[in-house]
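J.: The structure that follows is given in the form of structure tokens.
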Amino acid sequence: MLITLWLRLGAFLGKLLLWLLGLGLLGWALATAWFAWQHSGAVSAEEQIPSGEAAMTQDIIQTAVRIVDQHRESTRYLRDAHAKAHGCVKAEVQVLPQLPVDLRQGVFSEPGKTWQATVRLSNGNAYPQFDSIRDARGMAIKLLDVSGKQLLADQAGRREQDFVMFSHPNFFVSDVAEYRQNVAAQADGKKVMAFFPGWDPRTWQVRHLFIALATLSPAPDSPTQTTYFSVSPYKFGQGNAKFRVMPDPASCPAYTLPKQNQALPNFLRNALNQQLSTDRVPACFVLQIQRQNANKFMPIEDTSVEWRESDAPFETVAKISLPAQDFDTPALNLQCDNQSFNPWFGVEAHRPIGGINRLRKAVYEAVSDYRHSRNAEQ
Ligand code: HEM
């Protein structure tokens, strides 16, 4: 009798498990199909500015300044994001000599031209931590002596074009409204729960949580051995594009980085220093453009969407070389900390577009001004 009961219970549980598995698979298939349907078809090639964006931006500035205050290191005020640098290095950016005519836009107008540049390599976190901790890695490039009207009227004297990137192709929020909610929750100490703002499952941002987790990736062997993405879109002449910078070891002398002690807090700086300063070997990258095809799902106003390479390939427009150099000195490191990189330091042909970039216009300026003024008071 008891055995029969157990057998029935076992059979019932087995069936229940199969049903749950089936339901789970069906749910997953439906969600995938719904997501594919939502993320297909033509998009606008123009910016669409939602109402209330300016007010939300002011809120975000206050949160960002709160974060800078929370993380100030001894007496200096650091950046709100990408606080820790592995170094600022001199670079040369050469426009491809054979660049096709339709790719000759803005600073890439003159084939073969070599720009002098500064590159700051960083960890993404808001305060310095061990390099072995999972994080985004940043690359900010500043082309020097760029002619043409600067986008920011109060920065007319800069003559710069910045390209500000990190090591993941998409962002963990879609737009300014979501950024405001998420970053405020994070500043209050929430982590995973920042992606679940309420009881209503429609507000849960599960996909964005996965993007955030993937963005925090293990450290590369060296800052010269990872790919950096613009994440958000920019004008590219009359069209729109995203860009990325990818290692291009074939354009440099063959080099194998000696094994670094990854337990050391700043091993990424050590790796960069070993290659450029100790071993005197340059590092090479390519700078590539991915042009928007508005007939495909390549939106401007949603930075959580990676533009598929099958919809539009990346095309190389320039080569970047970091020559052998000594960058790791107290004077150069202080100068590096005092630099400001900003996607809005540049010319009209590369104007940042989309909500997250409009937000960055106000926030970078506010945070940079705040930390510079506080550091000047010390
Ligand atoms: C599209 C996605 C983004 C990318 C690729 C990106 C990348 C970077 C990088 C690489 C830096 C370091 C620049 C340097 O080396 O000086 C940086 C700094 C910074 N980022 Fe972002 N970021 C993004 C979005 C945002 C957003 C949405 C905000 C806030 C609204 C933000 C706020 C900041 C701030 C305040 C700094 C420090 C500015 C300074 O004090 O000079 N970023 N970002």
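J.: Cβ contacts < 8 Å: first residue without any contact (Cβ under 8 Å) to a residue 12 or more places away in the chain and farther than 15 Å from ILE61 by Cβ, restricted to segment 178-196; second residue buried (at least 21 other Cβ atoms within 10 Å of the Cβ) and hydrophobic (A, V, I, L, M, F, W, C), any location; separation 6+ or different chain. Result?
T.: Filtered contacts from segment 178-196: GLN186/ALA194.
J.: For segment 151-182, which residues satisfy the criterion of being at pLDDT below 95 and either closer than 17 Å to GLY138 by Cβ or assigned to a loop (DSSP other than H, G, I, E, B) (or both)?
T.: Once the filter is applied, which keeps residues that are at pLDDT below 95 and either closer than 17 Å to GLY138 by Cβ or assigned to a loop (DSSP other than H, G, I, E, B) (or both), segment 151-182 yields ALA156, GLY157, ARG158.
J.: While we're here: Restricting to segment 352-378, and then to whatever is within 9 Å of the ligand (Cβ to nearest atom) and polar (S, T, N, Q), can you tell me which residue is surrounded by the fewest Cβ atoms within 10 Å (Cβ to Cβ)?
T.: Looking at residues that are within 9 Å of the ligand (Cβ to nearest atom) and polar (S, T, N, Q), I get SER368.
J.: Please count how many residues of segment 122-147 are small (Gly, Ala, Ser) and over 19 Å from ARG244 (Cα atoms). Explain how you work it out, then say what you get.
T.: We begin by selecting, within segment 122-147, every residue small (Gly, Ala, Ser); these are 122, 124, 126, 132, 136, 138, 140, 147.
From what's left, over 19 Å from ARG244 (Cα atoms): 126, 132, 147.
Matching residues across segment 122-147 total 3.
J.: Would a scan of segment 268-285 turn up a residue that is among the charged types (D, E, K, R) and more than 16 Å from the ligand (Cβ to nearest atom)?
T.: Scanning segment 268-285 turns up at least one residue that is among the charged types (D, E, K, R) and more than 16 Å from the ligand (Cβ to nearest atom).
J.: Something else about it: Does PRO233 satisfy the condition of being surrounded by 18 or more Cβ atoms within 10 Å (Cβ to Cβ) and in contact with a helix residue (DSSP H, G or I) (Cβ under 6 Å, 6 or more places away or on another chain)? Let's see the steps before the verdict.
T.: Details: surrounded by 18 or more Cβ atoms within 10 Å (Cβ to Cβ): yes; in contact with a helix residue (DSSP H, G or I) (Cβ under 6 Å, 6 or more places away or on another chain): no.
Considered against the rule, which asks whether it is surrounded by 18 or more Cβ atoms within 10 Å (Cβ to Cβ) and in contact with a helix residue (DSSP H, G or I) (Cβ under 6 Å, 6 or more places away or on another chain), PRO233 comes out as no.
J.: Next question. Out of the residues in segment 131-140 that are among the hydrophobic types (A, V, I, L, M, F, W, C) and buried (at least 16 other Cβ atoms within 10 Å of the Cβ), which is farthest from the ligand (Cβ to nearest atom)?
T.: Filtering segment 131-140 down to residues among the hydrophobic types (A, V, I, L, M, F, W, C) leaves 133, 136, 139-140.
Now restrict to residues that are buried (at least 16 other Cβ atoms within 10 Å of the Cβ): 136, 139-140.
Values: ALA136: 8, MET139: 6, ALA140: 4 Å.
The qualifying residue farthest from the ligand (Cβ to nearest atom) is ALA136.
J.: Same structure again: Please go through segment 325-351 and give me each residue that is closer than 17 Å to ASP154 by Cβ and within 9 Å of the ligand (Cβ to nearest atom), ordered by number.
T.: Of segment 325-351, the ones closer than 17 Å to ASP154 by Cβ are 340-348, 351.
Scanning segment 325-351 gives SER340, PHE341, ASN342, PRO343.
J.: For segment 103-126, how many residues meet the condition of being within 16 Å of the ligand (Cβ to nearest atom) and either surrounded by fewer than 16 Cβ atoms within 10 Å (Cβ to Cβ) or of a type in the set (A, V, I, L, M) (or both)? If you could, list the steps in order and put the result at the bottom.
T.: Within segment 103-126, the first condition is being within 16 Å of the ligand (Cβ to nearest atom), and the residues that meet it are 117-126.
Adding the requirement that they be either surrounded by fewer than 16 Cβ atoms within 10 Å (Cβ to Cβ) or of a type in the set (A, V, I, L, M) (or both) leaves 117, 119, 121, 126.
Residues flagged as within 16 Å of the ligand (Cβ to nearest atom) and either surrounded by fewer than 16 Cβ atoms within 10 Å (Cβ to Cβ) or of a type in the set (A, V, I, L, M) (or both) within segment 103-126 amount to 4.
J.: Next question, about the same structure. Considering only segment 1-37, state which residues are within 30 Å of ALA312 (Cα to Cα) and either surrounded by 10 or more Cβ atoms within 10 Å (Cβ to Cβ) or touching a helix residue (DSSP H, G or I) at 6+ places or on another chain (Cβ under 9 Å) (or both). Steps first, answer last, please.
T.: Taking segment 1-37 as the starting set, the residues that turn out to be within 30 Å of ALA312 (Cα to Cα) are 28-37.
Passing the criteria: TRP28, ALA29, LEU30, ALA31, THR32, ALA33, TRP34, PHE35, ALA36.
J.: Exactly one condition in (1) within 24 Å of GLY346 (Cβ to Cβ); (2) near the ligand (Cβ under 9 Å from one of its atoms) is false for PHE163; which is it?
T.: The single condition PHE163 does not satisfy is (2).
The values are calculated or read from the model by the stated rules, or taken from the named source; none is laboratory data. All values reported here derive from a predicted model rather than from experimental measurement. Note: ideal-geometry Cβ built from the backbone for every residue, glycine included; neighbour counts use all protein chains shown.
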